[in-house]
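Since the structure comes first, as structure tokens, the remarks are kept for the end.
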Amino acid sequence: MIVTAAVKTDDDGRSTALLLATIRAARGGDERAFEELMMATERRVALLAWRILGDAEEVKEAVQETFLCVFRHLGRYDEGRDFFGWLFSIAVNVCRDLDRRRRRRRIFTSIDDTPHPAGDESPDEAIGRRREIALLTRAIDALPEKERLAILLREVQELSTDQVAAILGSRPATVRVQISRARAKLRQWMEARRGGGRP
Amino acid sequence: MNEKLPFKDVRVKQPLTDADFAAIRATVLAQVARRRRFPMARLALAATIVAAIALGAFVALHRPPQHLAARIAPPSHRPLPSITATPTTPAIAAAAPLAEAPATQPARRRRRHPVAPPQPMLAATGDEQAAITFQLQTSNPDIRIIWIERSSK
């Protein structure tokens, strides 16, 4: 979690040191640096929001609100912390608020949202796979909030348990329990759907 | 039950386009610029609110007690009955005010409900040795009460 050297790189290939320099400049009031910071991180924030909210319009609102929040609180950012962990914790809170405010989640996932089949898959296999993904997405959306966020951050976003715990403000042991419960529920839910019955 | 769930394939497609991101950045930067342009606006607003509250509290604390306030308060403008002196002769005293009555009649017809309470017009004639005449004017200009009191002297 602690940023130690410039050897660690994020998804965009930007070095952590460069990111840190951009953060410092943005904190000092450089608008151009803040814009660069947004450009470097917006896609990851949008994808996280998309996975939580499942609605493109809400994602726009969430990304916007997240960066406004980042601007307001950038002065409080502790450079010893992982910036993306800090950023994701803001994004998750914003998404939570949006989700609670609107009290609706997209339960039905369009088959078009699922990835296209790999080249070596037969059409039947591809359809089956896409159906599985759509089913899993629906199942995740149907989970209680804490379990849903834990499984999304751990399994879909592929963060470590410690990172998930830090973002959600829980203990790692609690997160492990939530993830375990969520997995069990998802399997049960999907088995029931595959079998034609309802959970 | 031990199968691997395809978590990595859940919502992998980026929902926003480059244009969406550009629009979001523009909105955020505009709001940031607005905040920087008017950094003292919020402070000024907060200071104004605090000053207003302080002023209200000061006025409330320094308001005079109710008995004093009642004394200071201006008197109510209740119309007093008009007293007019009329000629000593009862016949003239009775005739003079009645002559004005027709002028008010058209207005009375337009007004459906009398709004003002009856205002008696008290007229007292001054000659104690002759007669004292009281004229009471009601809200209806056609009705007037005339009281003629003969002096005992």
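The values are calculated or read from the model by the stated rules, or taken from the named source; none is laboratory data. Small disclaimer: the values here were computed from a predicted structure and weren't measured. Methodologically, a virtual Cβ is constructed for each residue, glycine included, from the backbone with ideal geometry; neighbour enumeration extends over all protein chains shown.
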Note to self: Testing A:D162 on (1) surrounded by fewer than 17 Cβ atoms within 10 Å (Cβ to Cβ); (2) without any contact (Cβ under 8 Å) to a residue 60 or more places away in the chain, one condition comes back false. Which one is that?
What the structure shows: (2)
Notebook entry, point to check: With respect to B:A54, is the statement that it is in a helix (DSSP H, G or I), at pLDDT below 75 and exposed (fewer than 12 other Cβ atoms within 10 Å of the Cβ) true?
Noted result: no
Item checked: Of all residues in the stretch A:131-152 being away from chain B (no Cβ under 11 Å) and hydrophobic (A, V, I, L, M, F, W, C), the one that is surrounded by the most Cβ atoms within 10 Å (Cβ to Cβ) -> A:A150
Notebook entry, point to check: Pick from the stretch A:97-109 the residues that are farther than 20 Å from A:A134 by Cβ and buried (at least 16 other Cβ atoms within 10 Å of the Cβ): which of them is modelled with the lowest pLDDT?
Noted result: A:D99
Note to self: If I ask for residues that are within 7 Å of chain A (Cβ to nearest Cβ) and under 55 Å from the mean Cα position of the chain (by Cα), which ones from the stretch B:1-30 would you list?
What the structure shows: B:D20, B:I24, B:R25, B:T27, B:V28, B:L29
Margin query: So A:S180 ticks every box in (1) of a type in the set (S, T, N, Q); (2) over 20 Å from A:N93 (Cβ atoms); (3) at pLDDT below 90 but one. Which box is left unticked?
Written below: (3)
Notebook entry, point to check: Filtering the stretch A:70-84 down to residues that are more than 10 Å from chain B (Cβ to nearest Cβ) and assigned to a helix (DSSP H, G or I), which residue is nearest to the chain's Cα centre (by Cα)?
Noted result: A:F84
